[in-house]
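One structure is given below, encoded as structure tokens.
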Amino acid sequence: MRCLVIEDEEDTARYVCNGLREAGHTVTLVRDGVNGLHLATNEHWDVIILDRMLPGGVDGLSIVSTIRTLGKTTPVLILSALASLDERVRGLRNGGDDYLTKPFAFSELLARLEALLRRSAMQEDVRELLIADLRLDLRTRRVERAGKPIALQPREFRLLEYLVRNKGQVVTRTMLLESVWDYYFDPQTNVIDVQISRLRQKIDRGFSPPLLHTVRGIGYKISADD
Amino acid sequence: MWRNVAFRLALGYGALAIGSMSLISAVFYVGTVGVLARSIDAKLLSVSDRLARHYESRGGDELGQEIRQLLADGIDQDTEVYLLVAPDGRDIAGNIAGWQKPKAPLDQLTDAKVIRNGRPSLSRLLPRLLPDGSVLVVGRDMQDQREIEQLVWHALLGGGAVALLLAIGGALLFRRQLERRVGAIRRTAHEIGAGDLSRRIPTSGVEDEFARLNSDINHMLDRIEQLMGGVRHVSNAIAHDLRTPLARIRSRLEEALGPGKSSTQLVATAQFTIQQVDDLIQMLEKLLQIAEAESGAQRQSFAPVGLASVMTGAVELYDAAAEADDITLLSDVIGRPITFGDSQLLTNAVMNLIDNALKYAGSGATVRVRATEETDTVSLFVEDDGPGIPQDERSHVIDRFYRLDRSRSRPGNGLGLSIVSAIATLHRGQLNLSDAAPGLIARIVLPRCDPVELTRGETAPVAAPA
């Protein structure tokens, strides 16, 4: 995908650009707000990654709001050292699609970018989600695997739904916390891991192949092939 | 002296007192001496009129006779003045000498110096020109009168001087008194400014404005000292808690640089280092959360929050963890507890309490979470039946970096309860810890938000997480 990175800090910029290139993406880097705004509005991008505090008089938030005012729906991920809940809310309110605080792991950034792309790709209404022989009925909120019903609590259903919507892609613990539980702070314990292993018990035990996989050091992924 | 507020105040007050006294004296003077002088003038006029009528009916000789008789009758002998001067300037009768016919028109009251009965006298005189050209002078010796006036005047002046002295003396005394009280505050402020934060303004037994001011200032100083102590403690603790993992990271990195390391070993070192750094970032994250809560800035985004949904959300996240540790996690709602706050922060607080309860109560325990509504407050309870916290440690566990587990063998950074306490304080509530015998009851008490008031407002959605 074509990525525009607007970031003035040397180390972060190199870290992000190298990582994205290694993952097979095309990257354009801009180091100040004015040029960033120019490129963001005049060219087509699959995703824009921008820092909030930029030199050159135009900051990250005004770039996002300008893009949105112009009617562009390009997914935007905001990177910032401003970590408070208020700042995050401000970032998202100005039109950002996701907000990641520094310091961050590259795997987290990549997972979030891919989730953003998928979100913008599939907007159509679906009634059921499928992966291998696992079926989620989104209207009745019933789950069955190989024709056998599986009883899930409402929150477990949302967890599974999120995983299946992102099938084949890695999702991180914080992505799950934010999307499934709506918590924008890190409880910093293994609660998510425990939730996942309980879900795994329900959907994978006694079935083959296993669908829910742990991606070490990053997060989880649901996929039919290992 | 003029740069002294107390002195200026007292002196100003003194001046005011003297001013009002002068006014009263003036009224008194006019009311006594003035009235006396006017009554004398009236009497002189009536005597002069009577003698003039006597002259008209009886003639000049009879008038001389009358005057001589008046002078001899023994009445008013000390003060009376009479003189009858013939048209040719010769004195016919009278008891004064040396009177000069004034150039000014006659028939007017004048003060003049004359010789009366052979002695100089200051007299009030009323000369009158009679039809035959002779002049009748009726008067009164004013010596006594003047003496009385002098007396009153001197008394007033003396009194004024004493009053002025009293005012200045009072000002000085007042100044000293005020200086003593203000001086105590200033000295203490100086000492604190010089670095001794433990100084306090000495309090006297008197319950006056200064005593109240002093006690307010002392309270403020207590709070500042406490906060400073907290900051010092936290800096020490951060320094200490940073050193340990940094030392570990350093030694592992140094080891990795040694000869003959396989790539697997290097990868393991990198993974270990990342883990350690992540832990440090988490610790700083929590400190930032506390600082953010303590700053109070988040109050701006407060909205009504239902504690039931806060609790349910947290319990739903932890139910799997409780199940895995064979802990029974129960939740219960009493009433309709609603407070004014931030649901994310309150959830964070409850989650910290549940996390602690699960961690310390251990396998097989029961953890009860309750959201309750009281008269003026609402509460979130997290109660476990684990070992609890010894009474003397309960007040310390809220301190940052304080850990019951001195060896620090369990995971954690000793910030969990500090965050809960900071979030409770941000919501104008507090965190209470008490004994569940056995176990611990952690209770977050918050102000109750009246649902009736909510329904009256335009926008009052009860924020529900999830």
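Only the coordinates and a few stated rules stand behind these numbers; no lab work does. The structure displayed is predicted, hence computed values, not measured ones. With ideal geometry, Cβ positions are generated from the backbone for all residues, glycine too; neighbour counts draw on all protein chains shown.
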Cα atoms only, segment A:1-109: Rg and Dmax in Å?
12.5, 34
Scan segment B:182-255 for GluC sites (Glu not before Pro) in coil per DSSP, keeping those whose Cβ has at most 13 other Cβ atoms within 10 Å, and list them by number.
B:207
Of A:167/B:286; A:167/B:359; A:72/B:286; A:221/B:286; A:167/A:202, pairs whose Cα-Cα distance is over 26 Å:
A:167/B:286; A:167/B:359; A:72/B:286; A:221/B:286
Amide proton proximity set for residue B:341, modelled H, under 5 Å, gap of 5+
B:303, B:305
Looks like segment A:128-222, by Cα gyration tensor root eigenvalues a ≥ b ≥ c and the a/c under 1.5 rounded cutoff (else prolate when a/b is bigger than b/c, oblate otherwise), is prolate
How about residue B:261: which lysines have a C-alpha closer than 16 Å to its C-alpha, ignoring those fewer than 8 places off in the same chain?
none
Expressed to one decimal in nm², the mean projection of the alpha carbon convex hull of chain A is 12.8 nm²
Mind checking the dipole of the protein assembly as shown: about its Cα centre, +1 per Lys or Arg Cβ, -1 per Asp or Glu Cβ, Debye to the nearest 20?
700 debye
Using the alpha carbons of chain B, what is the convex hull volume per residue in cubic angstrom, as a whole number?
345 Å³
Around residue B:352 (Cβ within 11 Å, Cβ-to-Cβ, excluding residue B:352; K/R +1, D/E -1) the net charge comes to +1
Tell me the angle of helix B:416-426 to the major Cα principal axis of chain B, expressed in degrees between 0 and 90 and rounded to the nearest ten.
30 degrees
Starting from one equal scatterer on each C-alpha and no solvent at all, send me the Debye-based log10 I(q)/I(0) for segment B:5-150 at q = 0.11 Å⁻¹, two decimals.
-0.50
Helix B:307-324 versus the longest principal axis of chain B: what is the Cα-based angle in degrees, 0 to 90, to the nearest 10?
30 degrees
Long-range amide H partners of residue A:142 with built H, under 5 Å:
A:137
Note, residue A:205: beta-carbon cut-off 11 Å, +1 each Lys/Arg, -1 each Asp/Glu, net +3
Phi-derived 3J(HN,Hα) across segment B:129-146 with the Karplus relation (6.51, -1.76, 1.60, θ = phi - 60°), rounded Hz, x for Gly and Pro, is 7, 8, x, 7, x, 7, 10, 9, 10, 10, x, 8, 5, 9, 3, 4, 4, 4
If you keep only loop residues by DSSP, which GluC sites (Glu not before Pro) in segment A:123-176 have at most 15 other Cβ atoms within 10 Å of their Cβ?
A:124
J(HN,Hα) series, segment A:21-32, from Karplus relation 6.51 cos²θ - 1.76 cosθ + 1.60, nearest Hz, glycine and proline x:
5, 4, 7, x, 9, 8, 10, 10, 10, 10, 10, 9
For the protein assembly as shown, share of DSSP beta bridges that run antiparallel, in % to the nearest 5:
75 percent
The helix B:60-72 Cα axis meets the longest alpha-carbon principal axis of chain B at an angle in degrees, between 0 and 90 and rounded to 10, of 60 degrees
Taking every pair of alpha-carbon atoms in segment B:318-399, what share in percent sits in each 10 Å bin, from 0 to the bin with the longest distance?
17, 43, 34, 6
If you take every residue apart from residue B:146 with its C-beta less than 13 Å away from the C-beta of residue B:146, what net charge results, scoring Lys and Arg +1 and Asp and Glu -1?
-2
Collect residues whose amide H, placed 1.01 Å from N in the peptide plane, falls under 5 Å from the amide H of residue B:142; neighbours closer than 5 in sequence don't count.
B:122, B:123, B:124
Where both residues lie in segment B:296-456, what percent of DSSP beta bridges are antiparallel, nearest 5?
75 percent
Which whole-Hz couplings ³J(HN,Hα) result when phi for each residue of segment B:338-350 is put into the Karplus expression 6.51 cos²θ - 1.76 cosθ + 1.60, θ = phi - 60°, listed in order with x for Gly and Pro?
10, 10, 9, x, 10, 5, 5, 5, 5, 5, 4, 5, 5
Quick one: if the Förster radius is 22 Å, what FRET efficiency do residue B:90 and residue B:56 give, using the C-beta to C-beta distance and rounding to 0.05?
0.55
